[in-house]
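A short worksheet on the structure shown next.
Rule-based calculations on the coordinates, nothing more; no lab input. Given the structure is predicted, the values throughout are model-derived calculations rather than measurements. Here the Cβ is made from the backbone with ideal geometry for all residues, glycine too, and neighbour counts use every protein chain on show.
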Amino acid sequence: MMTRWKEIAKFACGAEAFHAFGHALFWLSGTTFTLFGITATPTLNATGAVVNAVIALALGIYAWGSVRLRA
């Protein structure tokens, strides 16, 4: 049974995955920038990539975890 919360989790999963991908790109390119007074260093971007990927994984497990494939 699909619930509204699972549909919201699917959307948030994609948003977090995109966020993780962006952090990974900045981290691997060594880009440093300042946004709203916060300087994003490669270390901060590496941390952001990992944390956002874990959040995306948790949301994906919640959203699609109960799906069973038929053989």
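Figures for the structure shown
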{"quantity": "Leading residue by the ranking (nearest to Ala17 (Cα to Cα)) among those in the stretch 33-46 that are exposed (fewer than 14 other Cβ atoms within 10 Å of the Cβ) and out of contact with any Leu (no Cβ under 9 Å at 6 or more places or on another chain)", "calculated": "Thr43"}
{"quantity": "For Arg4: the one exception among (1) touching a Gly at 6+ places or on another chain (Cβ under 9 Å); (2) without any contact (Cβ under 8 Å) to a residue 12 or more places away in the chain; (3) of a type in the set (Lys, Arg)", "calculated": "(1)"}
{"quantity": "Whichever residue in the stretch 17-38 is assigned to a helix (DSSP H, G or I) and among the small types (Gly, Ala, Ser) and, among such residues, is farthest from Ala53 (Cα to Cα)", "calculated": "Ser29"}
{"quantity": "Residue in the stretch 1-13 that is farthest from Gly65 (Cα to Cα), counting only those that are surrounded by 14 or more Cβ atoms within 10 Å (Cβ to Cβ) and not aliphatic (A, V, I, L, M)", "calculated": "Cys13"}
